[in-house]
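Okay, structure first, notes after.
Derivation of every value follows stated rules applied to the coordinates shown; laboratory data play no part. Here the structure is a predicted model, which is why all the values come from computation and not from measurement. Note that each Cβ is placed from the backbone with ideal geometry, even for glycine, and that neighbours are counted across all protein chains shown.
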Amino acid sequence: MDRCIVLVDAGYLLGAAASLLAGEPSRSRITVDHTALIQGLRERAESDTQQPLLRIYWFDGAPDRVPQPEHRRLRVMPRVTVRLGALTRSDGRWAQKGVDAAMHAELTELARNRACSDVVLVTGDGDLLPGMMAAKEHGVAVHLWAVQAADGDYNQSEDLVAEADERRVLDRAWITKAVRAKEHTGVCAPQPAPRPEIAAILSAPLPEAALAAATERPAPQPQHPAADAGQNGAEERVPAPKGVPTPKDLAALRAPGTQAAQQPASATLRWSSDKGWVDRPTAEPPEAALMPTLAQLTTAEQRWADREEDITTVGGDPFEVGQVFARRWVERLGDQGHLQKLSGMYPRIPHRVDGELLRYAARFGLLAHKDDQIDERDRYAIRAGFWKEIGVRTGVEHAPVGD
């Protein structure tokens, strides 16, 4: 077939681009315009091979092979297919697993089936050498592209370079059409801008009953030196008190035999808001159970449109995710009385709505990959975005605008 196919090792392409533009291979140091990058790859491939493009295969790693926001945007682009390997963390560094094997399998299968006349490889890994040789034996011309090395030397396997039919270098001028370095902040990734909406929720203390119980705990008795030696010198670590009660905290406070269990059912939590400290009951009001979920308010057609928007528009920032969910919920809410009741429950989101919100957020790769939990700070950002949008819709600002 007289057409070309491009196989991209995203780890190599973006890591080498980061080294060239930002001085280190961390992809967090660069921002990528994926639309411009894909268009550039297509135009360059068709120009170099003199053949029309059949498809671009984008190989990348992702934690648990869960597509990240960039992967969801890429896989709906015309002529782009995303293949994901695993992304694992070892010795403090992320490493791709299975990406090279997937590229090798795709390359040999395409050549064996004579799906193309030319293959463009954007990679530097010598593990692809057997696949390259097999493709050549099936009559496919192999073009090897390199990203300009930061130190002026090769950043590809020498054997891979020697075996390729054609070789090209994607220089700095080409790379900067779609990739740019982030401003240096002294760390690999820029610190997120402070959000007062999140700070307001994080500042809520534990119930006074819990604080009182904590102060009544007897101080730990000093251990005899011999006992210390028997424990190999290990010291007991007392966990720092949490700033915000979780459902588990609240359940523990109500456990039989605790002081909090003797408290009346009307015991309250104090939350920060734009009106100062506001008392809220620990138990959800009865109307919370009547709040409709987004799933109940969404038709099949709307669900399809939501998925399309999530893929093409929503970036995956936790605050933005909360806003998008709240916008859809409010726009489809028939009884606006529910909205007013919800606003009065600030800063607590009804349990059934909150659970649905966090499940929705998990689609955007926000899981911390430890017990499938979303990072605590991301959870507060998601909920803060939810309340921000509710405030816009009701005209009530739910969080202070200053620090």
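Remark on V314: its backbone amide H falls under 5 Å from none of the residues 5 or more positions apart or on other chains, H modelled at 1.01 Å from N. Backbone amide hydrogens, once placed in the peptide plane, bring R55 within less than 5 Å of V6, excluding anything fewer than 5 places away on its chain. Annotation: amide H of V82 within the under-5 Å range of W58, sequence separation 5 or more or interchain, hydrogens built in the peptide plane. In terms of surrounding Cβ atoms within a 10 Å radius of their Cβ, D125, D33 rank from fewest to most as D33, D125. Computed extension gain for D171 through H351, at 0.36 nm per residue and net of the alpha carbon distance, reaches 59.5 nm.
Would the range 4-181 count as rounded, prolate or oblate if I go by the C-alpha gyration tensor, calling it rounded below 1.5 in a/c and otherwise prolate when a/b exceeds b/c, oblate otherwise? Here the range 4-181 falls in the rounded category. When the trypsin sites (Lys or Arg not before Pro) in the range 25-124 are filtered for DSSP coil states and for at most 15 other beta-carbon atoms within 10 Å of their beta-carbon, the remaining sites are R75, R79, R114. Residues in the range 24-38 carry Karplus couplings, in order, of 8, x, 6, 5, 5, 8, 10, 10, 10, 8, 5, 4, 5, 5, 5 Hz; the curve used is 6.51 cos²θ - 1.76 cosθ + 1.60 with θ = phi - 60°, and Gly or Pro positions show x.
Mind running the shape call on the range 95-142? Use the C-alpha gyration tensor, a ≥ b ≥ c as the square roots of the eigenvalues: rounded below 1.5 for a/c, prolate if a/b tops b/c, oblate otherwise. Since a/c reaches 1.5 and a/b is larger than b/c, the shape of the range 95-142 is classed as prolate.
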